[in-house]
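What follows is a set of notes on a single structure, which appears directly below.
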Amino acid sequence: MEIKEVQAILDAKVCIGEEQLEANVHAACGCDLMSDVLAFAKEKVLLLTGLVNPQVIRTAEMLDIKAIVFVRGKSPTEDMITLAKQKHIVLLSTHYPLYLACGKLYEKGLGGGGEA
């Protein structure tokens with residue numbers, strides 16, 4: 001699924017990375033614990049989280065995550081936007097809570113990658 005489709009499905013605002021919206025993601029991970037995200041470690045994954053701190057960007061960088069969706073109307077800080085720009089990570093923000101955002105994407109065909 002292209003990131004621009006994720007944006008449309010979640011009625012999300014693009015915080016940074018407008019030029020990368022045609023990139024593809026193959027799975028989604030909805031999580032606030034970055035240690036769990038590290039354990040998930042999947043290629044071309046979309047991260048959905050309510051956690052807003054630079055560690056989210058650092059975790060995404062380590063796992064080569066190309067896009068992050070902040071849920072519940074949360075927005076990244078300017079420091080996070082700057083770091084995401086340097087690392088070429090798309091940042092989106094949606095008003096949906098984590099559960100509904102994941103469900104909407106799953107309903108449209110974006111799976112979780114077969115994790116336990």
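None of the figures in this text is laboratory data; all of them are computed from the coordinates on show. If you're wondering where the values come from, they're calculated on a predicted model, not measured in any experiment. As a convention, Cβ positions derive from the backbone with ideal geometry for all residues, glycine included, and neighbour counts pool all protein chains shown.
Listed by chain and number, the lysines placed with their C-alpha closer than 18 angstrom to that of Lys4 are Lys13, Lys44, Lys66, Lys85, Lys104, Lys108; residues fewer than eight positions away on the same chain are left out. Here each label is just a point 7 Å from Cα along the line to Cβ, and for Tyr99 and Glu19 those points are 4.0 nm apart.
Of all beta bridges DSSP finds with both residues in the chain, what is the antiparallel percent, to the nearest 5?
Values: 4 of 16 bridges.
DSSP beta bridges in the chain are roughly 25 percent antiparallel.
Of the GluC sites (Glu not before Pro) found in the stretch 10-76, those that fall in a DSSP loop while having at most 13 other beta-carbon atoms within 10 Å are Glu22, Glu43. Counted residue by residue at 0.36 nm each, then reduced by the alpha carbon distance between them, the extension gain from Asp36 to Asp11 reaches 6.4 nm. Please state the shape class of the stretch 61-116: rounded when a/c is under 1.5, otherwise prolate if a/b exceeds b/c and oblate if not, all from the C-alpha gyration tensor. Verdict is oblate for the stretch 61-116. Residues of the chain were split at every exposed loop site, defined as trypsin sites (Lys or Arg not before Pro) in a DSSP loop with at most 15 other C-beta atoms within 10 angstrom, and the longest piece left, sites excluded, is 1-43.
Mind checking the dipole of the chain: about its Cα centre, +1 per Lys or Arg Cβ, -1 per Asp or Glu Cβ, Debye to the nearest 20? Numbers along the way, then the final one.
Details: 12 positive and 15 negative charges, 28 e Å.
With only Lys, Arg, Asp and Glu charged at Cβ, the dipole is about 140 debye.
In the stretch 3-107, Rg over Rh equals 0.90, where Rg is the alpha-carbon radius of gyration and Rh the Kirkwood radius from pairwise Cα distances. Comparing Ala39, Ala23, Ala84, which has the greatest mean-square fluctuation in the GNM of the chain with Cα pairs linked when under 10 Å apart? Evaluated over the chain, the most mobile residue of the options is Ala39.
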